[in-house]
Amino acid sequence: MTEKYTLYATMGAGFESTVSKELQKLGYQTRTENGRVFFEGGQEDIVKTNLWLRSADRVKILLKEFKAVSFEQLYDQVFDYDWALLLPVDAAFPVQGRAVRSKLHSEPDVQSIVKKAIVDKMVKQYHRRGFLPETGNAFPLDIHIYKDVARLSLDTTGASLFKRGYRVEHGGAPLKETFAAGLLELTPFNGTHPLIDPMCGSGTLPIEAALLAKNIAPGMKREFSFDGFDWFDKSLHQAGVEQAQAQIKPLESTIWASDIDQSVLEYAKLNAHNAGVLQDIKFKQVAVKDFKTDLENGIIISNPPYGKRLKDRDGAHKLYEEMGQVLGSYKDFSQYYLTSDPEFEKYFGQKATKKRKLFNGNLRVDFYQFWANKR
């Protein structure tokens with residue numbers, strides 16, 4: 001495979017600028033579209049971005065871009081690619097496809113035509129008799145057609161980047177790690193001021209804050225699909241992890257996480273332990289109405305329970321009132337709350353400085369921002 005690739009990161013709606021900033025901080029020039037940020041790089045950059053990107057979902061190699069208004073054209077363009085260069089004879093190559101506002105709108109047909117074209121080409125290149133075992137490593141392929149322009153890409157990530165490897169499964173609706181990291185990137189948090197999550201649930205926000213504050217690469221403890229690519233330099237991943245290890249720094253300021261539910265806090269502590277940051281977060285069982293702190297000039301950030309999740313709108317509204325009375329009095333803290341309840345400001349008792357619309361999965365949510373009056 002060539003030395004330089006056109007790469008792109010994918011992310012949840014509303015986090016394009018966040019991922020673009022992350023990539024720029026890592027030293028890349030970026031170009032942004034809806035749901036994608038493009039950049040250039042080689043194998044080392046594929047390793048680096050998979051290890052370090054906090055709010056992106058995946059990193060993909062753009063293999064080919066072409067016009068496709070008929071299935072024949074789609075087949076020919078895919079067949080035309082040198083698949084033996086990319087895929088060994090036993091490669092497993094699942095094809096995912098999407099078609100939006102295009103003449104070719106049947107996604108199952110698009111996927112099967114692409115698959116057929118690759119199989120036919122590889123059968124020819126490897127001199128097989130119409131059969132490919134697909135028993136080897138996975139090379140996840142993606143075909144995306146938008147306004148009749150097709151993009152064929154290879155996913156270098158595998159399981160989404162939110163799968164950091166530290167979270168134990170339990171009930172409730174925890175924020176995805178990438179989403180939590182994206183929220184933190186929308187605040188001024190950089191680890192030099194205290195951070196408090198007074199309704200921390202299973203701990204995703206404070207854990208992601210600790211990883212950020214200590215400069216811990218979020219992808220350090222996991223495998224990626226590029227690990228299985230036979231043409232990929234195997235030494236690069238290990239070298240990237242060692243470099244990341246050397247860049248970890250001590251925590252400068254307090255991270256506080258509390259919740260009313262002790263059993264949920266136990267999950268949060270276990271998650272923090274798995275992430276290697278248990279010693280960096282002060283966990284405490286306390287209800288919002290009893291919350292107190294001597295900390296100053298920091299950030300309060302939380303994903304409070306909302307009516308849909310509590311199945312109890314009145315309970316949620318009562319909690320928002322308590323938040324306004326107790327947390328709202330800490331005027332030297334910038335405060336950030338994520339909720340799907342459009343009446344949040346009314347019950348919190350303050351108008352947000354700024355409100356940002358996001359989607360947590362398919363749920364429309366708002367990120368309410370109350371900026372501090374610094375002392």
Whole-percent carbon and sulfur contribution to the accessible surface of the chain (1.4 Å, no ligands, DNA or RNA) stands at 50
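May I ask for the Rg/Rh ratio of the chain, computed from Cα atoms with Rh as the Kirkwood radius, given to two decimals? All intermediate terms of the calculation are to be shown ahead of the outcome.
Numbers: Rg = 23.2 Å, Rh = 22.5 Å.
Rounded to two decimals, Rg over Rh is 1.03.
About the Cα centre of the range 1-68, how large is the charge dipole given +1 on each Lys and Arg Cβ and -1 on each Asp and Glu Cβ? Please answer in debye to the nearest 20.
Working: 11 positive and 9 negative charges, 20 e Å.
The dipole of the range 1-68 has a size of about 100 debye.
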Net charge of neighbours whose Cβ lies under 14 Å from the Cβ of ALA257, counting Lys and Arg as +1 and Asp and Glu as -1: -3
In a shell of Cβ-Cβ distance under 11 Å around ASP148, excluding ASP148 itself, what net charge do Lys and Arg (+1) and Asp and Glu (-1) give? +4
Taking +1 at the Cβ of each Lys and Arg and -1 at the Cβ of each Asp and Glu, which of GLY240, ILE260, VAL114 sits farthest along the dipole of the chain towards its positive end, judged by Cα position relative to the Cα centre? ILE260
Positive-end residue, the chain charge dipole about Cα centroid, Cβ charges, pick of LEU51, PRO342, PHE179: PRO342
Is the shape of the range 5-155 best called rounded, prolate or oblate, per the rule: a/c under 1.5 gives rounded, else a/b larger than b/c gives prolate, else oblate, with a ≥ b ≥ c the square roots of the Cα gyration tensor eigenvalues? oblate
Using a simple charge model, +1 on the beta-carbon of Lys and Arg, -1 on the beta-carbon of Asp and Glu, nothing else, what dipole does the chain show about its Cα centre, in debye to the nearest 20? 660
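Report relative contact order for the chain in percent, whole number only (criteria: Cα-Cα under 8 Å, sequence separation at least 6). Mind dumping the intermediate values first?
Values: 747 pairs, mean separation 53.4, N = 375.
RCO, the chain: 14 percent.
Let me have the relative contact order for the range 240-375, percent, based on Cα pairs under 8 Å that are six or more residues apart.
Details: 183 pairs, mean separation 26.8, N = 136.
Relative CO of the range 240-375 lands at 20 percent.
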Round to the nearest 0.05 the FRET efficiency obtained for THR293 and ARG313 when R0 = 30 Å and r is the Cβ-Cβ distance. 0.55
Report, largest value first, the span of the C-alpha coordinates of the range 169-243 along each principal axis, in whole Å. 47, 33, 18
Check which residues have an amide H placed less than 5 Å from LYS64's amide H, if you skip close sequence neighbours. LEU152
Which lysines, on any chain, are close to LYS163 with Cα under 16 Å apart, when same-chain ones fewer than 8 places away are left out? LYS176, LYS221
Excluding residues fewer than 8 places away in the same chain, name every one of the lysines whose C-alpha is closer than 24 Å to that of LYS351. LYS289, LYS292, LYS308, LYS318, LYS331, LYS374
Cut-off 16 Å, label 7 Å out along Cα→Cβ of GLN279, residues of the range 250-270 by amide N: 250-255
Rounded if a/c is under 1.5, else prolate if a/b is larger than b/c, else oblate: which is the range 273-375, with a ≥ b ≥ c the root eigenvalues of its Cα gyration tensor? rounded
Excluding near-sequence neighbours (fewer than 8 apart on one chain), the range 1-121 holds lysine pairs with C-alpha atoms under 23 Å apart numbering 24
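Tell me the trypsin sites (Lys or Arg not before Pro) within the range 273-354 that lie in a loop according to DSSP and have at most 13 other beta-carbon atoms within 10 Å.
Answer by residue number: LYS292, LYS311, LYS331, LYS351.
Relative contact order of the range 5-155: what whole-number percent is it, with Cα pairs under 8 angstrom and at least 6 residues apart?
On the way: 280 pairs, mean separation 38.3, N = 151.
Computed value for the range 5-155: 25 percent relative contact order.
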Once the dipole of the range 5-155 is set up from charges on Cβ (+1 Lys and Arg, -1 Asp and Glu), the residue from the list TYR126, LEU104, GLY41 lying farthest towards its positive end is LEU104
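Let me check I've understood the local charge: for GLN325, count other residues with C-beta under 15 angstrom from its C-beta, Lys and Arg +1, Asp and Glu -1. What total comes out?
Numbers: positive: LYS289, LYS292, LYS318, LYS331, LYS346; negative: ASP290, GLU321, GLU322, GLU345.
The answer is +1.
For the chain, with every protein chain kept in place, what is the accessible area per residue (1.4 Å probe, Å²)? Show your work: numbers first, answer last.
Working: 17280 Å² over 375 residues.
With the other protein chains kept in place, the chain gives 46 Å² per residue.
The values are calculated or read from the model by the stated rules, or taken from the named source; none is laboratory data. Since the structure is predicted, the reported quantities are computational estimates derived from the model, not experimental observations. All Cβ positions, glycine included, derive from the backbone under ideal geometry; neighbour counts span all protein chains shown. Accessible surface is based on the protein model in full, side chains and every heavy atom, while ligands, DNA and RNA are left aside. Shrake-Rupley method; radii C 1.70, N 1.55, O 1.52, S 1.80 Å.
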